[in-house]
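The values are calculated or read from the model by the stated rules, or taken from the named source; none is laboratory data. Quick caveat: nothing in here was measured; it's all calculated off a predicted structure. Glycine also receives a Cβ, built like all others from the backbone with ideal geometry; neighbour counts cover every protein chain displayed.
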Amino acid sequence: MELSSFMEALERRNPGQPEFLQAAHEVAEKVIPYINAHSVYEEARILERIAEPDRALMFRVTWEDDEGRVQVNRGYRIQQNNAIGPYKGGLRFDPSVNLSILKFLAFEQVFKNSLTTLPMGGGKGGSDFDPKGKSDAEVMRFCQAFMTELQRYIGADTDVPAGDIGVGGREIGYLFGQYKRLRNAFTGVLTGKGVGWGGSLIRPEATGYGSVYFAQEMLRHRGDDLEGKRCVVSGSGNVSQYTAEKLLAFGATVLTLSDRSGMIHFKDGLTTEQLQAVMHHKNEVRGRLSDFADANGLDFHADGNPWSVPCACAFPSAVQNELADADAKVLLDNGCFVVSEGANMPSTPEAAHRFEQAGICFGPGKAANAGGVATSGLEMSQNSLRLSWSREEVDERLQGIMHSIHETCVRYGSDGDGPVNYIKGANIGGFVKVADAMLAYGVM
Ligand code: NDP
Ligand code: 2IT
């Protein structure tokens, strides 16, 4: 099996889907040599089958805004692969959402969920709806209309959505309420629920905490530690906030946060009080960092990104392709040697390749940010048991899962005495479990 012919066939069938093709290329590049060494996967055409979603659902979402005007959006759910468990993955509400972006995310999710050790298949969904600038009532009406369509396709044993960009606790509440109303069933059909109505403690924190635990695993593997390290974080949403919180708890210095308006440089390091204020501003006020920086006299760079600030560790935690090759070069030139991807595919292929060549600790998103979906898996377990575990118990399981993901990466990504290739390790490690299940089921 050749990478070029695999990609040519994929490009022919999926024109105009650059993000999906980018994600598929990254996986195929690492997995095809492994497949060639294990011909059973090639004969059964496992990679071709994983790259074709089981189904891709698209539907109209019609709702009324506060002025009574009719609004039309598009909803999606990509059910990529359920070989090892129900489809599982987030919902993204953002004007940029399209089929290519959701297919990339659903494809990544298959490998990520496999790495978590929990029984979850891969899926992703969302809408081009923009929650920004909308009233709570508008967000509620949109979520209800969206779920009215989505509920046909999901279920606690079928497909279990959660949050992603633009979908947090508020949206999950409206979505879950509407599912419960329409189906007259209180089930674990969504994760990221509030703790009083079936949610898990630590789920809001889990992606950020997990990304920091993964960085700590990579450092420990080299006999090093996060304490005292200078760190840059991009984004200021759910993942970034709890990445920053855990970094502070580990005694690291957090130098930056960002959003679509630009970047704040905390020259003396972000304090716990500043982080709390940022959380309030982003989660309650739903404001921009530019206004927060103005009000607090902070060093703000409208055109800046965090990668120009000298650091040892970088946590790209906002959006795909936010870290380009030139940024990777600047990071490396400034001595950065740990990158833990809180976001999905934040590094462009050129940037990831540069990190790989440099032999630094580069944790790709499907490994580094898997703590979020892993804790969603723990929420599903608790829902099935009709029990709630304590904070300590969930956090301990999360740490155990991040440790085990790191071990899988080391197992499949070690080349002799060289540095661990985490891209290779995560892709092959994620592939094998799904591939073996598909082999067991025969041709379908
Ligand atoms: P949020 O919506 O909470 O936050 C997103 C953050 O990224 C915001 O600060 C937002 O800025 C910024 N951002 C979004 N788009 C852009 C853009 N085009 N350019 C610059 N900044 C941008 O989302 P999450 O924190 O949940 O998600 C962040 C990333 O982590 C995503 O890639 C997501 O797929 C990934 N992820 C999330 C998981 C989760 O459990 N939530 C799990 C695993 C991965 P602004 O505030 O201005 O909108
Ligand atoms: O990208 C991701 O892993 C998520 N947005 C979390 C998915 C989930 O089901 O918790």
Filter pass, ARG183 being away from ligand 2 (no atom under 16 Å from the Cβ), without any contact (Cβ under 8 Å) to a residue 24 or more places away in the chain and surrounded by fewer than 24 Cβ atoms within 10 Å (Cβ to Cβ): no
Some residue of segment 360-379 being more than 16 Å from ligand 1 (Cβ to nearest atom), in a helix (DSSP H, G or I) and not aliphatic (A, V, I, L, M): no
Near pairs, Cβ below 6 angstrom, 6+ apart or cross-chain, from segment 361-378 (touching a residue at least 12 places away in the same chain (Cβ under 8 Å)) to any residue that is of a type in the set (Val, Ile, Thr) and within 8 Å of ligand 2 (Cβ to nearest atom): ASN369/THR207; GLY371/THR207; GLY372/THR207; SER376/THR191
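Just name the residue that is nearest to ASP225 (Cα to Cα) out of those in segment 303-323 that are among the hydrophobic types (A, V, I, L, M, F, W, C) and surrounded by fewer than 22 Cβ atoms within 10 Å (Cβ to Cβ). Give the steps one after another, and end with the answer.
Within segment 303-323, the subset among the hydrophobic types (A, V, I, L, M, F, W, C) is 307, 309, 311-315, 318-319, 323.
Cutting the leftovers down to surrounded by fewer than 22 Cβ atoms within 10 Å (Cβ to Cβ) gives us 312, 319.
On the way: ALA312: 11, VAL319: 27 Å.
Checking each candidate, the answer is ALA312.
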Matching residues, segment 329-338, being buried (at least 17 other Cβ atoms within 10 Å of the Cβ), outside any helix (DSSP H, G or I) and over 21 Å from the mean Cα position of the chain (by Cα): CYS336, PHE337
Among (1) loosely packed, with under 15 Cβ neighbours inside 10 Å; (2) among the charged types (D, E, K, R); (3) part of a strand (DSSP E or B), the one test that ARG74 misses: (1)
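Looking at GLU205, GLU217, can you tell me which residue is within 19 Å of the chain's Cα centre (by Cα), assigned to a helix (DSSP H, G or I) and more than 15 Å from ligand 2 (Cβ to nearest atom)? So that I can check it myself, show each step before the final result.
Numbers: GLU205 fails: more than 15 Å from ligand 2 (Cβ to nearest atom).
Of GLU205, GLU217, the one residue that is within 19 Å of the chain's Cα centre (by Cα), assigned to a helix (DSSP H, G or I) and more than 15 Å from ligand 2 (Cβ to nearest atom) is GLU217.
Rundown of residues vs (1) within 11 Å of ligand 2 (Cβ to nearest atom); (2) at pLDDT 95 or above; (3) under 17 Å from CYS311 (Cα atoms), yes/no style:
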residue: ALA328; (1), (2), (3): no, yes, yes
residue: SER340; (1), (2), (3): no, yes, yes
residue: ILE360; (1), (2), (3): no, yes, yes
residue: PRO364; (1), (2), (3): no, yes, no
residue: VAL373; (1), (2), (3): yes, yes, no
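Mind telling me which of the residues ASN321, ASN334, ASN296 ends up being modelled with pLDDT of 95 or more, within 13 Å of ligand 1 (Cβ to nearest atom) and of a type outside the set (Ser, Thr, Tyr)?
After applying the criteria, what remains is ASN321.
Within segment 46-94, can you find the residues that are of a type in the set (Val, Ile, Thr) and within 16 Å of ligand 1 (Cβ to nearest atom)? Steps first, please.
Taking segment 46-94 first, the residues of a type in the set (Val, Ile, Thr) are 46, 50, 61-62, 70, 72, 78, 84.
Passing the criteria: only ILE78.
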Filtered residue count, segment 22-57, keeping only those that are closer than 20 Å to TYR76 by Cα and free of Cβ contacts under 8 Å to residues at least 40 places away in the same chain: 3
Test: residue in segment 396-412 that is of a type in the set (Gly, Ala, Ser), farther than 27 Å from ALA24 by Cβ, in contact (Cβ under 8 Å) with a residue 60 or more places away in the chain and assigned to a helix (DSSP H, G or I): no
Where a residue in segment 428-439 is under 19 Å from SER414 (Cβ atoms) and its partner, wherever it lies, is not in a helix (DSSP H, G or I), with Cβ under 7 Å and at least six apart: LYS433/ILE84
Failed criterion for ASP259 (all others in (1) in contact with a strand residue (DSSP E or B) (Cβ under 8 Å, 6 or more places away or on another chain); (2) within 16 Å of ligand 1 (Cβ to nearest atom) hold): (1)
